[in-house]
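The values are calculated or read from the model by the stated rules, or taken from the named source; none is laboratory data. A quick note: this is a predicted structure, and the numbers were derived from the prediction, not measured. Counting neighbours? That spans all protein chains shown, and the Cβs are built from the backbone with ideal geometry, glycine included. For accessibility, only protein heavy atoms count, side chains too; no ligands or nucleic acids. Shrake-Rupley method; radii C 1.70, N 1.55, O 1.52, S 1.80 Å.
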Amino acid sequence: MKIVSVVGARPQFVKLAPIHKAAKAVGVDHVIVHTGQHYDPMLSDVFFEDLGIGAPDVHLGVGSGSHGVQTGAMLAALDAVFDEHRPDWVLVYGDTNSTVAAALSAVKMHIPVAHLEAGLRSFNRRMPEEHNRVMTDHAADLLLAPTQVAVDHLASEGLAARTVLVGDVMTDVLLEVRDEVAGRPSVLVDELGLTPGEYYVATIHRAENTDDPARLAEVAAGLAGLDKPVILLAHPRVVTKAAAHGIELTQGSLVAHAPLAYPDLIAAAVSSAGVVTDSGGLQKEAFLLRVPCTTVRTETEWVETIDLGWNILANTAEEIAAGVSRPRPADTDAAPYGDGRAAQRVVETLLNASASTAP
């Protein structure tokens with residue numbers, strides 16, 4: 001069997017790693033296509049190295065642009081890639097422009113599409129990610145859901161027959177990396193002279209928090225006013241936007257820092273007092289690490305983190321301050337994101353589905 005995985009952004013590289021490992025373990029021909037949606041080396045190349053994936057087989061080098069320009073460029077390039085490789089499955093990940101472009105290209109070429117992390121919903125149609133995930137789910141042939149909540153969302157949309165609950169592949173890699181970095185001091189502690197447990201890790205990148213200068217300034221000021229140093233792992237796009245509008249990303253408690261390699265990010269989060277983010281992946285990683293999280297959004301797809309008390313939504317400076325200073329949540333043994341073997345189930349599901357449809 002041949003699988004073509006299409007990825008283009010940092011969270012997808014994390015999800016790709018255990019899939020690549022599981023595919024190789026059973027002799028599946030796994031072709032990796034990197035669209036180049038994130039092209040900064042710290043957001044791309046280094047991840048492939050750190051996670052043991054190796055260089056992608058195809059790199060489209062699409063780069064940044066408006067949603068339409070970026071998605072269109074990917075569509076144009078992917079047709080030729082899929083025509084060359086003719087895989088049994090195109091596997092798409094998450095909710096980026098790379099996800100929906102690959103799904104559309106493949107279905108129009110009558111190549112089966114599987115969507116990893118299917119069924120997540122924010123129910124906020126202003127989010128481009130919500131458009132991408134909904135369109136991909138309805139186009140795909142196989143929906144690989146990470147949680148029971150996601151399964152229920154898909155059933156409510158009439159997609160139950162295509163849905164399989166596999167667990168969350170990010171849990172696979174997170175648990176492995178957590179064990180690898182256990183006891184390792186964070187590079188942030190060494191580099192910035194921080195005290196473990198006396199700083200926050202922050203990431204802010206979503207359009208609703210960064211595209212409007214007034215909103216970006218409000219979020220930056222809110223982080224700058226917190227009671228401990230806040231290390232903002234700043235995406236290059238956010239740095240560019242802030243500079244264009246004269247917004248200081250290093251002010252008060254706020255310290256801008258380049259993004260970290262994934263193991264370093266996990267080590268930094270483990271030794272922090274808490275995480276402040278608008279990233280879906282980091283919300284979940286914080287929960288799995290049992291690090292309190294404050295999410296700068298009005299909703300989250302990962303509702304289990306809220307229900308279990310390890311995550312809280314905050315939109316204003318006052319809400320962010322209240323979130324990070326709240327008492328530590330009650331310990332829990334709940335495991336809504338699986339047992340760390342989701343990637344094996346994904347590959348087994350694809351193998352079984354191919355076998356059942358073979359002539």
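Things to note:
- Out of 167, 158, 94, sole residue that is of a type in the set (Gly, Ala, Ser) and over 20 Å from the mean Cα position of the chain (by Cα): 158
- Filtered residue count, the range 260-276, keeping only those that are of a type outside the set (A, V, I, L, M) and under 24 Å from residue 325 (Cβ atoms): 3
- Considering residues of the range 270-299 that are open to solvent by 10 Å² or more (accessible area, probe 1.4 Å) and of a type in the set (Val, Ile, Thr) only, the residue nearest to residue 206 (Cα to Cα): 298
- Residue 140 among the small types (Gly, Ala, Ser), out of contact with any Cys (no Cβ under 6 Å at 6 or more places or on another chain), modelled with pLDDT of 95 or more and under 28 Å from residue 262 (Cα atoms): no
- When restricted to residues that are open to solvent by 40 Å² or more (accessible area, probe 1.4 Å) and at pLDDT below 80, the range 43-54 contains 3.
- Subset of the range 78-95 [free of Cβ contacts under 8 Å to residues at least 24 places away in the same chain and of a type in the set (A, V, I, L, M)]: 80
- Of the listed requirements (1) farther than 20 Å from residue 137 by Cα; (2) buried (at least 20 other Cβ atoms within 10 Å of the Cβ); (3) hydrophobic (A, V, I, L, M, F, W, C); (4) at pLDDT 95 or above, residue 25 misses just one: (2).
- Every pair of residues 6+ apart whose Cβ atoms lie under 9 Å, when the first sits in the range 18-35 and is free of Cβ contacts under 8 Å to residues at least 12 places away in the same chain while the second is outside any helix (DSSP H, G or I) and open to solvent by 10 Å² or more (accessible area, probe 1.4 Å): 24/30; 27/1
- A single member of 312, 231 is touching a strand residue (DSSP E or B) at 6+ places or on another chain (Cβ under 7 Å), open to solvent by 50 Å² or more (accessible area, probe 1.4 Å) and among the β-branched types (Val, Ile, Thr), and it is 312.
- Selection over the range 219-244 of residues that are of a type outside the set (A, V, I, L, M, F, W, C), out of contact with any Leu (no Cβ under 7 Å at 6 or more places or on another chain) and at pLDDT 95 or above gives a count of 4.
- Residue match in the range 85-93 (condition: surrounded by 22 or more Cβ atoms within 10 Å (Cβ to Cβ), at pLDDT 95 or above, in a helix (DSSP H, G or I) and not polar (S, T, N, Q)): no
- Restricting the range 55-76 to residues that are in contact (Cβ under 8 Å) with a residue 12 or more places away in the chain and touching a strand residue (DSSP E or B) at 6+ places or on another chain (Cβ under 9 Å), the residue that is least open to solvent (accessible area, probe 1.4 Å) is 74.
- Entirely in the range 120-214, the strands (runs of 3 or more DSSP E) that have 2 or more residues that are open to solvent by 10 Å² or more (accessible area, probe 1.4 Å): 163-165
- Condition check for residue 116: more than 15 Å from the chain's Cα centre (by Cα), crowded, with 18+ Cβ neighbours inside 10 Å and in contact (Cβ under 8 Å) with a residue 60 or more places away in the chain: no
- Flag if residue 102 is touching a residue at least 40 places away in the same chain (Cβ under 8 Å), open to solvent by less than 10 Å² (accessible area, probe 1.4 Å) and in a loop (DSSP other than H, G, I, E, B): no
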